[in-house]
Amino acid sequence: MDVIVLGAGIIGVTTAWYLRQNGHNVRVLERREQAGLETSFANAGQVSAHLADPWANPSTLSSVFTWLFRDDTPLVFRPKADIHQWSWLFKFLRECPASRYNRNLVHLANLGVYSRTSLQELRARTGIEYDGRQRGILLFFTEDDKLQGAAAAARRLAASGLRREVLSAEQCLEIEPSLQSIRGELKGGIYSRYDETGDAFKFTQRLAELAREAGVQFDYGSAIKRIDASGNGIQAIEVQQADGRTERCTADQYVLCLGPASAPMARKIGVNLDIYPVKGYSVTLPVRDGGLAVGMGLTDAARKMAFSRLGDRVRATAIAEIAGYERSIDQKRCQQIVANAQRLFPDALDIDQAQYWAGLRPMTPSNLPIIGRNDRYRNLLINAGHGTIGWTQSCGSARAISDIIEGRRPDCDYPFIGEIR
């Protein structure tokens, strides 16, 4: 079939790759000049299948009303005169009770493991390099009561197949010696041995090149002006090319992978997607002393801050602002991230060369991405809403879309939308 993929972030590029591997003619429309320049550009770098907890959980529910109206907390709410923002927030709170959280957590883990396996197979097949490290991810605690709660949850979740190892402080230091700086504070951690880290932007760019070599057509500088929908199908995509030309692009199937822009684009054709942007910040720091810097994936449970070693750099990410589509960088926020990185890894990083970034995460209230065939338009598929775990779930989501287009049920226990036909 002829398939048009809308968007060349990590989700769009992996979707194009798997579709082409199954023999389809694929064209990717992307308004930017390269692949991966939006949400995929400077994310946390963690492929976290077993530690990707939904943001909507009982703990968040108990803290959210304190967090939302302060500026120094992991989650900040900046109210807008936007009904979609308030609707999303209400639905997010509705997902926080334990019953919904537990269901969502298992679904995320199922898709995450499926995706991580798909990434490993892709890497073995292509030899793609992206500063990847297969050393696992450690969630560390400096508060004993929080560690005990996480340990109890790990034991309960083992029945659902989630592999979370409870480690003592000494065991944490054995696998990640860079935490010696907080030896006196460290209480222990939860370790996901089989998770990974890597540079999502490098992966996206290199996979786009491999996909191009395999026959995928990438049209950069192609701004989508309109989706022409009538009856029960998509008829065409109208785009404005970089040279000013307007083009009408047609295909048999269309896949929406526009990240934070997916919901407003879908609303133009009467399709409601519960996706809203949540701004996150990252800081990338050159490594000064490799022996002192973090060597694996780390997450600071107290500060909700993630760290990944990406070659000769460390990526530190934190903070969520529900502030609409605004992308400005709050210098103070980034300086807080730098200060914590320096506290954890003193003398390891060149903080004078820190690079700041802010990007929009396409979040659903449940944290479950929307994957599958749209009910209203027979030839429209959705692959969007991956939030903070697009890198984790990109290969699995894309592989699932390729199966669904061919009428196969994906080999993953997950609530895909629409009919499999």
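The values are calculated or read from the model by the stated rules, or taken from the named source; none is laboratory data. These numbers were taken from a predicted model, which means no experiment stands behind them. Neighbour counts run over all protein chains shown; Cβ positions are idealised from the backbone, glycine included. Areas reflect the complete protein model, heavy atoms only, side chains present, ligands, DNA and RNA absent. Shrake-Rupley method; radii C 1.70, N 1.55, O 1.52, S 1.80 Å.
Structural remarks
- Applying the condition of being of a type in the set (S, T, Y) and at pLDDT below 95 to region 90-122 and asking which residue is farthest from the chain's Cα centre (by Cα) yields S99.
- Any hit, region 170-188, residues being without any contact (Cβ under 8 Å) to a residue 60 or more places away in the chain, closer than 15 Å to L51 by Cα and surrounded by 18 or more Cβ atoms within 10 Å (Cβ to Cβ): no
- Applying a threshold of 9 Å to beta carbon distances and a minimum spacing of six or more residues, or different chains, the list of pairs starting in region 256-275 at a residue that is over 14 Å from L6 (Cα atoms) and ending at one that is β-branched (V, I, T) and surrounded by fewer than 22 Cβ atoms within 10 Å (Cβ to Cβ) reads K268/I227; I269/I227.
- In region 264-280 there is at least one residue that is charged (D, E, K, R), surrounded by 21 or more Cβ atoms within 10 Å (Cβ to Cβ) and not in a loop (DSSP other than H, G, I, E, B).
- Any hit, region 185-206, residues being in contact with a His (Cβ under 6 Å, 6 or more places away or on another chain), of a type outside the set (D, E) and closer than 24 Å to G291 by Cα: yes
- Restricting attention to region 1-50, the residues that are polar (S, T, N, Q), out of contact with any His (no Cβ under 9 Å at 6 or more places or on another chain) and either part of a loop (DSSP other than H, G, I, E, B) or within 17 Å of V239 (Cβ to Cβ) (or both) add up to 5.
- Qualifying residue in region 123-143 (condition: assigned to a helix (DSSP H, G or I), small (G, A, S) and modelled with pLDDT of 95 or more): yes
- Test for A316: is it open to solvent by less than 10 Å² (accessible area, probe 1.4 Å) and outside any strand (DSSP E or B): no
- Figure legend. Inter-residue proximity from region 37-66: first residues closer than 17 Å to R164 by Cβ and hydrophobic (A, V, I, L, M, F, W, C), second residues open to solvent by 50 Å² or more (accessible area, probe 1.4 Å) and part of a loop (DSSP other than H, G, I, E, B), beta-carbon distance below 8 Å, spacing 6+ or different chains. Indicated pairs: A49/Y194.
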